[in-house]
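Worksheet for the structure shown next.
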Amino acid sequence: MPRSAARRGPVKPAARKGAVSRRTKETAVEVALALAPGEASIATGVPFFDHMLDQIARHGGLTLRVRAEGDLAVDAHHTVEDVGIALGEALREATADKTGLARYGHAVVPLDEALVEAVVDLSGRPHLTWNADLPAGKKFIGNFDVDLSRDFFQALVNHARICVHVNVRYGRNLHHIVEAIFKATARALRAATAPQAGGLPSTKGTL
């Protein structure tokens with residue numbers, strides 16, 4: 001082996017990446033991510049939502065950039081949902097055919113009195129089970145409507161084509177519960193996208 005190669009050591013595989021630009025009459029969203037820890041740069045105009053996306057990046061082991069401009073004077077719904085769509089599409093691009101990824105991930109995350117479990121399967125089939133007894137109707141954390149939590153995850157699941165189960169075991173403070181949902185899902189996603197030898201993690205030959 002050449003001495004220069006010996007000094008460099010083993011070559012790490014390039015991070016899997018995805019990038020999406022989505023424009024409608026209601027929103028303009030750009031998302032870029034890599035399945036490797038790195039910087040998070042988030043700006044959606046909804047501060048608590050920015051904080052939650054930062055949790056996905058940090059605890060999901062992602063390098064993430066999100067830029068969104070939406071009709072916030074009307075409501076945050078279009079912005080939050082369209083970010084979920086774009087993030088899901090970027091994640092689907094980054095995971096590609098799932099070869100060399102663990103596929104399954106599970107996490108249980110506490111935040112003070114709240115405890116949330118999340119399970120992820122990079123199945124290729126969109127499904128969301130949402131066992132989270134959050135209040136219906138307008139209930140806000142800052143200017144973030146708590147109802148939008150489920151809408152975000154449904155959009156993410158549909159466009160990433162993954163299976164996610166969220167189980168809020170208990171909790172009292174809405175901020176803690178919602179943040180624990182995002183953190184637990186991010187941790188489960190990090191486990192599911194971790195490199196794993198053995199080729200495609202399916203007996204079907206495709207995901």
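Considering only residues that are in contact (Cβ under 8 Å) with a residue 24 or more places away in the chain and of a type in the set (Lys, Arg), which ones fall in the stretch 145-181?
Once the filter is applied, which keeps residues that are in contact (Cβ under 8 Å) with a residue 24 or more places away in the chain and of a type in the set (Lys, Arg), the stretch 145-181 yields ARG161, ARG169, ARG172.
Total residues in the stretch 160-207 satisfying the condition of being part of a helix (DSSP H, G or I) and not charged (D, E, K, R): the figure is 16. Scanning the stretch 169-198 for residues that are more than 17 Å from GLY88 (Cα to Cα) and either over 17 Å from the mean Cα position of the chain (by Cα) or open to solvent by 50 Å² or more (accessible area, probe 1.4 Å) (or both) yields a count of 12.
Only one of these is within 13 Å of the chain's Cα centre (by Cα), part of a strand (DSSP E or B) and not polar (S, T, N, Q): VAL157, VAL108, VAL119. Name it.
Values: VAL157 fails: part of a strand (DSSP E or B); VAL108 fails: within 13 Å of the chain's Cα centre (by Cα).
None of the other options fit; the residue is VAL119.
Within the stretch 67-101, the set of residues being of a type in the set (Val, Ile, Thr) and closer than 21 Å to HIS51 by Cβ comprises THR79, VAL80, VAL83, ILE85.
Among the criteria (1) within 24 Å of VAL80 (Cβ to Cβ); (2) within 20 Å of the chain's Cα centre (by Cα); (3) among the aromatic types (Phe, Trp, Tyr), the one PHE140 does not fulfil is (2). Considering only residues that are part of a strand (DSSP E or B), touching a residue at least 24 places away in the same chain (Cβ under 8 Å) and either within 22 Å of HIS159 (Cβ to Cβ) or out of contact with any helix residue (DSSP H, G or I) (no Cβ under 8 Å at 6 or more places or on another chain) (or both), which ones fall in the stretch 122-144? Hits for the stretch 122-144 are HIS127, LEU128, THR129, TRP130, ASN131, PHE144.
Quick test for you: out of ALA96, ALA90, ALA73, pick the one residue that is out of contact with any Lys or Arg (no Cβ under 7 Å at 6 or more places or on another chain) and open to solvent by 50 Å² or more (accessible area, probe 1.4 Å). Break it down stepwise before answering.
Working: ALA96 fails: out of contact with any Lys or Arg (no Cβ under 7 Å at 6 or more places or on another chain); ALA90 fails: open to solvent by 50 Å² or more (accessible area, probe 1.4 Å).
After ruling out the rest, the residue left standing is ALA73.
Might you let me know whether the stretch 111-118 holds any residue that is under 25 Å from VAL31 (Cα atoms) and touching a residue at least 60 places away in the same chain (Cβ under 8 Å)? Within the stretch 111-118, one or more residues are under 25 Å from VAL31 (Cα atoms) and touching a residue at least 60 places away in the same chain (Cβ under 8 Å). Restricting attention to the stretch 99-139, which residues are open to solvent by less than 30 Å² (accessible area, probe 1.4 Å) and among the polar types (S, T, N, Q)? Scanning the stretch 99-139 gives a single hit, SER123.
The values are calculated or read from the model by the stated rules, or taken from the named source; none is laboratory data. As the structure is a computational prediction, the values presented were derived from the model and not from experiment. When we count neighbours, we look across all protein chains shown, and the Cβ atoms used for this are built from the backbone with ideal geometry, even at glycine. Surface areas here come from the heavy atoms of the whole protein model, side chains and all, with no ligands, DNA or RNA. Shrake-Rupley method; radii C 1.70, N 1.55, O 1.52, S 1.80 Å.
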